[in-house]
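Data first, discussion second: the structure below is written as structure tokens.
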Amino acid sequence: MYQFKDYYNNQVTLSFKDHPFSKTPGHVWVICRYKGKWLLTKHKGRGIEFPGGKVEKGETTKEAAIREVKEETGGDVGSICYIGQYHVDGKREKVVKNVYYAQVDSLSPQQTYYETDGPVVLSALPADIKEKLSYSFIMKDDVLVHCLEYIKNRLPAK
């Protein structure tokens, strides 16, 4: 289990165990790969980030993750796996998010990408991502760092 402060100085606890904070979290975040590259989206307000969002009534977190990837990037998820969960003890609310890792098989242009400007495909994530103004605050704390390490060390390379 990891504990640290996020971009806004909120306490964050991250775990790679099976749903340690909630069996039914309200949010998802999906770290995506597409053809050996990183697949992100450009949120209209926050900047570049991996897809994610709220779980809608009647859907599982996995279904929400697949839907969010499709809505925000046009990506069709080929495979997806749960990798962890984190809890943010925010000033206004407490948020629990499942983190998934997905392989996207194809990208299709869409009429709308909802609150985003669509897909962003990168060969590599910037080493200085925390200093980049074009990136979302979601990309600037240790959730990303630890999740990328987990993916590198514990999941088969694709």
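The values are calculated or read from the model by the stated rules, or taken from the named source; none is laboratory data. The shown structure was predicted, so the numbers you read here are calculated from the model rather than taken from an experiment. Note: ideal-geometry Cβ built from the backbone for every residue, glycine included; neighbour counts use all protein chains shown.
Brief remarks on what is shown
- Residue within segment 38-59 that is among the basic types (Lys, Arg), crowded, with 19+ Cβ neighbours inside 10 Å and either within 15 Å of the chain's Cα centre (by Cα) or closer than 17 Å to Tyr150 by Cα (or both) present: yes
- Selection count where residues are surrounded by fewer than 18 Cβ atoms within 10 Å (Cβ to Cβ) and closer than 20 Å to Val77 by Cβ, scope segment 126-150: 2
- Here segment 42-76 is the region considered, the condition is being of a type outside the set (Lys, Arg) and assigned to a strand (DSSP E or B), and the residue that is farthest from Ala102 (Cα to Cα) is Gly47.
- Residues in segment 60-105 that are among the basic types (Lys, Arg), touching an Asp or Glu at 6+ places or on another chain (Cβ under 8 Å) and within 15 Å of Val143 (Cα to Cα): 0 in all.
- Taking segment 60-78 as the range and being within 15 Å of the chain's Cα centre (by Cα), farther than 13 Å from Pro119 by Cβ and among the small types (Gly, Ala, Ser) as the test, the residues that pass are Ala64, Ala65.
- Set Lys57, Lys42: member being in contact with an Asp or Glu (Cβ under 8 Å, 6 or more places away or on another chain) and either among the small types (Gly, Ala, Ser) or more than 15 Å from Tyr82 (Cβ to Cβ) (or both): Lys42
- Hey, Tyr113 among the hydroxyl-bearing types (Ser, Thr, Tyr), touching a residue at least 60 places away in the same chain (Cβ under 8 Å) and assigned to a loop (DSSP other than H, G, I, E, B) or not: yes
- Of note, Tyr114 satisfies the criterion of being touching a helix residue (DSSP H, G or I) at 6+ places or on another chain (Cβ under 9 Å), at pLDDT below 95, among the aromatic types (Phe, Trp, Tyr) and surrounded by fewer than 18 Cβ atoms within 10 Å (Cβ to Cβ).
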